[in-house]
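The structure appears right after this line, and notes come after that.
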C-alpha cells in the first residue's frame, strides 16, 4: 500500500449515485480513506440546487435572477417584509440525500472490500451558502440562521451515521477573499474568517469528524479567482490549525493547487510558502489538489515531490475541486491520474 491516498472532493459525472461510487471505487479504491456519493444530477453544480430551492420559500423574495452562466449571473434573495427567516424553515435537503446515498455506499464498500473507507458528506460553509444566496449584506445578517440550518442537517446525519461519516466543509469564499488582499493583510484576514468558519464545527455533536475543502470556485470548470501563490492557502491552513475546536476531529485540509481547467503551475516560486506548514500536526492530512488530466504526468509527479519536500511529509492527492463539471472522459482521466500519483 502506498503511503499516499486519493481524496475525492465530491462530485463526479455519472448516471447516478451507484455508478459514480462504483467508478471511484474501481479506479481508486485501494487508495481511498473516504468516498463521496458523486453528487450527481441536480447536485453536480455544488449549491446551485439548494439556492434554486429558495425560489419556493414563502418567506423569501427574489431580488435578482440569474442562470449561472457566470459567477455574476446568479439569483439573489432577501427576506420578505413582515417575515422572519428561521433555521427550521430552511430545509436544505442534505440529510435526506445522505441517507439515501449511505445505503448505496455500504453496498459499494462491501462489494469492493473497503471496510475502512468512510462515507463523505460535503456541505458548504455557513458564510459561503449565506453569501451566494443572500449577497454580502444578507450574509452578515443571516449567517447564524444558515449555520443553525446546516447544524441540524449535520446532527441528523451524525445520529444515524456516527463515526462512519466524515463531513467536508467547503469554503471558496474565504480563500477567494484572502487571495484578493495584499499579502501583509492575509494572515489577519484568514484568522478573522476562520474564527467564523469553525463555529460550524463547534455546534456539531461532540466527536463529529471533519475535513475542510478550500476552493477557488469551479463554476463551469472555471475558477472564480486563480491563486498567484500558496500564500493565501498557508494563511488559512495555519488559522484552521490554530482555531479548530477540540472534540471535533479535523482529519484533513484540502488545498487547490490547480484551478478548474488550469493545471498546477510549474513555477517553483508558487509553492515556496508551503514550507511554513512543515510542522503541522501529523493527525491532520494535507491533501494536495494537483491531479489534472491536462498536464504531463511527469510534471505533476515533480510538483507532488516538491510539495512533499516543502512540507517534510507525504501528502494525499486530489483534483482541485469536484469533477462534476468535467466530461466523463476527463473526469476519469483526472481520477486515474490521482491514483497513479498516489501509487508512485
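The values are calculated or read from the model by the stated rules, or taken from the named source; none is laboratory data. On a predicted model such as this, the values are computed, not experimentally measured, just so you know. Heads up, the Cβs are rebuilt from the backbone with ideal geometry, glycines too, and the neighbour counts pull from every protein chain shown.
Structure notes:
- Some residue of the range 281-303 being modelled with pLDDT under 95, part of a loop (DSSP other than H, G, I, E, B) and within 16 Å of the chain's Cα centre (by Cα): no
- The listed residue being over 15 Å from residue 131 (Cα atoms) and modelled with pLDDT under 95, out of 99, 91, 80, 55: 91
- All of 174, 156 fail the test of being surrounded by 14 or more Cβ atoms within 10 Å (Cβ to Cβ), over 22 Å from residue 253 (Cα atoms) and at pLDDT 95 or above, apart from 156.
- The residue that is surrounded by the most Cβ atoms within 10 Å (Cβ to Cβ), counting only those in the range 63-84 that are more than 24 Å from the chain's Cα centre (by Cα) and closer than 24 Å to residue 222 by Cα, is 64.
- Restricting 311, 257, 341, 323 to those that are within 24 Å of residue 212 (Cβ to Cβ), without any contact (Cβ under 8 Å) to a residue 60 or more places away in the chain and crowded, with 17+ Cβ neighbours inside 10 Å reduces the list to 311.
- Members of the range 33-57 that are in contact (Cβ under 8 Å) with a residue 60 or more places away in the chain and out of contact with any strand residue (DSSP E or B) (no Cβ under 9 Å at 6 or more places or on another chain): none
- Where residue 139 falls short, out of the listed (1) closer than 22 Å to residue 216 by Cβ; (2) surrounded by 13 or more Cβ atoms within 10 Å (Cβ to Cβ); (3) touching a residue at least 60 places away in the same chain (Cβ under 8 Å): (3)
- Qualifying position, being modelled with pLDDT of 95 or more, outside any helix (DSSP H, G or I) and over 30 Å from residue 70 (Cβ atoms), among 248, 242: 248
- Test: residue in the range 114-123 that is within 21 Å of residue 210 (Cβ to Cβ), within 24 Å of the chain's Cα centre (by Cα) and surrounded by fewer than 14 Cβ atoms within 10 Å (Cβ to Cβ): yes
- Taken across the range 222-232, residues that are touching a residue at least 40 places away in the same chain (Cβ under 8 Å) and within 25 Å of residue 31 (Cα to Cα) do not occur at all.
- Of all residues in the range 221-238, those being more than 17 Å from the chain's Cα centre (by Cα) and either buried (at least 17 other Cβ atoms within 10 Å of the Cβ) or closer than 24 Å to residue 195 by Cα (or both) number 5.
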